[in-house]
1. Within the set of pairs 6+ apart or on separate chains, which have a first residue in region 60-73 that is over 16 Å from ALA97 (Cα atoms), a second that is charged (D, E, K, R) and assigned to a helix (DSSP H, G or I), and C-beta atoms under 8 Å apart?
2. Determine if region 120-134 includes at least one residue that is in contact with a Ser or Thr (Cβ under 6 Å, 6 or more places away or on another chain), surrounded by 16 or more Cβ atoms within 10 Å (Cβ to Cβ) and within 25 Å of ALA164 (Cβ to Cβ).
3. Which of the residues spanning region 96-121 are charged (D, E, K, R) and either part of a helix (DSSP H, G or I) or under 16 Å from ASN140 (Cα atoms) (or both)?
4. Here is a list: ALA146, ALA203, ALA183, ALA171. Which entry is within 21 Å of the chain's Cα centre (by Cα) and of a type in the set (Gly, Ala, Ser)?
5. If you take the residues in region 50-93 that are among the aliphatic types (A, V, I, L, M) and surrounded by fewer than 17 Cβ atoms within 10 Å (Cβ to Cβ), which one is modelled with the lowest pLDDT?
6. Considering only residues that are charged (D, E, K, R) and either closer than 17 Å to THR124 by Cβ or part of a loop (DSSP other than H, G, I, E, B) (or both), which ones fall in region 153-194?
Amino acid sequence: MEMEKQENAAIVELIKWIKRNKKPFFSTLISVIVVALIIVFVYVRIQMVNTAASDKLDMATKIIASGNLDQGLSLIDDVINTYGNTPAAYRAIIIKASNLIFQKKYDEAEANLKTYIEKAKPDTVKPIGYPLLISVYDNNDNVEKAISVSKEFLSKYPDNYLAASVMENMARLYALSGKEEEAKQTYKDITEKFPGTIYSERANDKLK
């Protein structure tokens, strides 16, 4: 009962304050409403843009899968250029970079992948760009750079699901460049960090 009286008294005091400060109160209220409407508008707009980008990317991948590569890649470029920093645009960059690697256009692929690794959102998708960038340097006979990017990846994302395959490939790159001790150590690290996996089995075979 006492609590109810206190609440009623507080409401009465609030009404009195509003009457005394009618102009500043309603000015503040209007400002709050306007800000809320702007936030809602921006949110809805972002959702609409993301949906449009995803739909166009889905269409592009279906066109590529049907065998019309040029038209599909044209849509991929459109997603990247039109929809900027949307998640779909960053997925489109990965698709484009993969195709550039296939065409042996390594400089273009490198530029796209560096942009992806630097700017992709959310941050959790950034690791996907590293194996492709490593592949760019590997296929372009830049083994040292491929090893360097592998180390960068493993330093940043040691527990990522791609870590085992990146380590296995790095061991191969060490062996390819004549660094046998580094290759052996990397294979040992694989057996210790990923026991019971196919990567560990293959590493053990290499060590034998």
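1. Filtered contacts from region 60-73: no entries.
2. Yes, region 120-134 contains a residue that is in contact with a Ser or Thr (Cβ under 6 Å, 6 or more places away or on another chain), surrounded by 16 or more Cβ atoms within 10 Å (Cβ to Cβ) and within 25 Å of ALA164 (Cβ to Cβ).
3. Within region 96-121, LYS96, LYS104, LYS105, ASP107, GLU108, GLU110, LYS114, GLU118, LYS119 qualify.
4. ALA146
5. My answer is ALA52.
6. Scanning region 153-194 gives LYS156, ASP159, LYS179.
Conditions tested, residue by residue: (1) outside the structural domain of ALA92 (by TED's automatic domain parsing); (2) basic (Lys, Arg); (3) within 22 Å of LEU100 (Cα to Cα); (4) surrounded by fewer than 13 Cβ atoms within 10 Å (Cβ to Cβ).
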{"position": "VAL136", "(1), (2), (3), (4)": "yes, no, yes, no"}
{"position": "SER155", "(1), (2), (3), (4)": "yes, no, no, yes"}
{"position": "TYR161", "(1), (2), (3), (4)": "yes, no, no, yes"}
{"position": "MET170", "(1), (2), (3), (4)": "yes, no, no, no"}
{"position": "LYS179", "(1), (2), (3), (4)": "yes, yes, no, no"}
{"position": "ILE190", "(1), (2), (3), (4)": "yes, no, no, no"}
{"position": "GLY196", "(1), (2), (3), (4)": "yes, no, no, yes"}
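The values are calculated or read from the model by the stated rules, or taken from the named source; none is laboratory data. On a predicted model such as this, the values are computed, not experimentally measured, just so you know. When we count neighbours, we look across all protein chains shown, and the Cβ atoms used for this are built from the backbone with ideal geometry, even at glycine.
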